[in-house]
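Asks: Quick one: this structure, given as structure tokens, is what I'll be asking you about.
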Amino acid sequence: MYPDERRILLTPGPVVFSIDNLRYMLSTVYEHTSIDFAEIYGRAIKKFRSIIGANGNFPVFMFSGSGTLAMEASLINILKPGSRVLVVSHGFFGDRWAEIARVNGYDVKVLYSDVGDIVDLGFIAEELSKGGYDALLVTHVETSTGVRADVRSLASIASKYNTLIFVDGVSSVAAEPLDCSRWGVDVLVTTSQKALETPPGVSIVALCTSRAVKALEANNGNVRSFYMRLSDWRKVMEAYEDGRIAYHATPPTHLIVALERALTRILEEGLEARFKRHYILAKALREGIRALGLEVVAKREEIASNTVTAVYTPQGVDPIELRRRLARGNIIIALPLHPALRGKSFRIGHMGSVNHNDIVAVVALLERTLASMGVKIELGSGLRAVQQILLTENL
Ligand SMILES: Cc1ncc(COP(=O)(O)O)c(C=O)c1O
């Protein structure tokens, strides 16, 4: 059975992408050795750089894979064997950085936050000041709890202690402000299926500083992977940017066409307008949720992300049953990922093409559904809070 095309998908990835992107994707079959395709690829790389604030011609890599592959590819290509890394973990995906680093033989130390919180910057600086760390790994938006790290400050701390910073921007790129080169983010990884509004399947690694490029070049001989060897991909990416053809492995041709179109639309909306839209919608959702008497997992407004919100379920409400009932009402939300939140929370994704109607609809269905499950809810209370913010912010 196929899902109802009018359902509202509010998972934190994959997200809804516009019919226009799909139309471009399916307009024809490009072969990866055609100049037409090389030009599309080249444009995608350039547009991506401007979206993340990567200066100049620092290398950007796009190839078949997911966010996890981008994380792993970035580490094994840039960090020499035996490097010491400090992971700042705010949940499930921070832990993933640590696990990927461990299985690749790096010497890993992890600083953990409480659930729904972030690790104190002073604590991180203190650890780095002990010396000996080659890299700091952090998740910009932790999709399992909905908290956002202060990447700008982290980059400045990392640079002070001469440590490379790797940022997982899977749930933030194109939705949260990010200015990689100016902030000093050395390496950024992401993927296509979140705020980039493209189907899953493109791994993206971007180097944004000259010290990251130097580290990549210095580590060239140590990479124990053929597919992920970025020195080979670099030649391909440079060729595409020059409108020439090169080959390392077949790229995801349809997805690159869709991604290039999505990046164009993102730049047409304008980054400031886009960040503001995400900010207002996220705030309206959180206020609506709180007005229903529910608790948001992110402990403070200033660390609550603009792309995903994790929420504690009211006493006695099973998240699986809640999700099932919402799905019957044609709105799809996500179950928890963080081990400490399993069985007692749910997540709503609000990134990409999300709009005010999505937020109104999900809060309306949530209040009706929770009321039908016996939770004491005053119908309309969540909606009133949402409407108030949308009205005030003129969205
Ligand atoms: C913050 C974050 N990092 C990494 C990943 C892993 O990406 P993928 O599932 O595309 O491998 C995800 C997936 O949701 C994520 O949210």
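Asks: Can you compute log10 of I(q)/I(0) for segment 14-147 with the Debye formula, treating each Cα as one identical point scatterer, at q = 0.14, 0.15, 0.16 Å⁻¹?
Replies: Evaluating at q = 0.14, 0.15, 0.16 Å⁻¹ gives log10 I(q)/I(0) of -0.84, -0.92, -1.00.
Asks: Using only the Cα atoms, what convex hull volume per residue in Å³ does segment 112-256 have?
Replies: That works out to 136 Å³ per residue.
Asks: With a 1.4 Å probe and all protein chains kept in place, how do Arg277, Arg84 rank by accessible area, largest first?
Replies: Of Arg277, Arg84, the descending order of accessible area is Arg84, Arg277.
Asks: With springs only between Cα atoms under 10 Å apart, run a GNM on the chain and tell me which of Tyr240, Tyr227, Tyr133 wobbles the most.
Replies: It is Tyr227.
Asks: For segment 322-395, what ratio Rg/Rh do Cα atoms give with a Kirkwood hydrodynamic radius?
Replies: Radius of gyration over Kirkwood radius for segment 322-395 works out to 0.99.
Asks: OK, next. Normalised by the number of residues in the chain, what is the relative contact order in percent for Cα pairs under 8 Å and 6+ residues apart?
Replies: Result for the chain is 24 percent.
Asks: Beyond 28 Å between alpha-carbons counts as too far, so tell me which of Lys47/Lys194; Lys109/Lys283; Lys130/Lys344; Lys80/Lys299; Lys80/Lys235; Lys194/Lys376 fall in that bin.
Replies: From Lys47/Lys194; Lys109/Lys283; Lys130/Lys344; Lys80/Lys299; Lys80/Lys235; Lys194/Lys376, over 28 Å: Lys109/Lys283; Lys130/Lys344; Lys80/Lys299; Lys194/Lys376.
Asks: Let me ask something additional. Using a 1.4 Å probe over the heavy atoms of the protein chains, calculate the carbon and sulfur portion of the accessible area of segment 204-361 as a whole percent.
Replies: 50
Asks: Which value, in Å², gives the accessible area per residue of segment 19-268 when a 1.4 Å probe is used on the protein heavy atoms?
Replies: Roughly 37 Å² per residue, with all protein chains present.
Asks: Can I ask one more? Could you let me know the centre-to-centre spacing of segment 16-50 and segment 220-238, using Cα atoms, in angstrom?
Replies: 23
Asks: Right, another one. Residue by residue through segment 134-143, which ³J(HN,Hα) values in whole Hz follow from phi under the Karplus form 6.51 cos²θ - 1.76 cosθ + 1.60 (θ = phi - 60°), with glycine and proline marked x?
Replies: So the Karplus estimates, Gly and Pro as x, are 8, 8, 10, 10, 8, 9, 5, 10, 7, 5 Hz.
Asks: Same structure, new question: Kirkwood hydrodynamic radius, computed over distinct alpha-carbon pairs, for the chain: how many Å, to one decimal?
Replies: Computed over the chain, the radius equals 21.6 Å.
Asks: Using θ = phi - 60° and the Karplus form 6.51 cos²θ - 1.76 cosθ + 1.60, what ³J(HN,Hα) does each residue of segment 362-373 get, whole Hz, x for Gly and Pro?
Replies: Coupling constants for segment 362-373: 6, 5, 4, 5, 4, 5, 5, 5, 5, 4, 5, 8 Hz.
Asks: Taking amide hydrogens as modeled 1.01 Å from N in the peptide plane, which residues meet the under 5 Å criterion relative to Gly53, leaving out close sequence neighbours?
Replies: Under 5 Å from the amide H of Gly53 lie the amide H atoms of Cys180, each far enough along the sequence or on another chain.
Asks: A further question follows. Quick one: 3J(HN,Hα) in Hz for segment 260-267, Karplus 6.51/-1.76/1.60 with θ = phi - 60°, rounded, Gly and Pro as x.
Replies: Here the 3J(HN,Hα) series is 4, 5, 5, 5, 4, 5, 5, 5 Hz.
The values are calculated or read from the model by the stated rules, or taken from the named source; none is laboratory data. Being a predicted model, the structure only gives us computed values, none of them experimental. All accessible areas refer to the heavy atoms of the entire protein, side chains included, with ligands and DNA or RNA removed. Shrake-Rupley method; radii C 1.70, N 1.55, O 1.52, S 1.80 Å.
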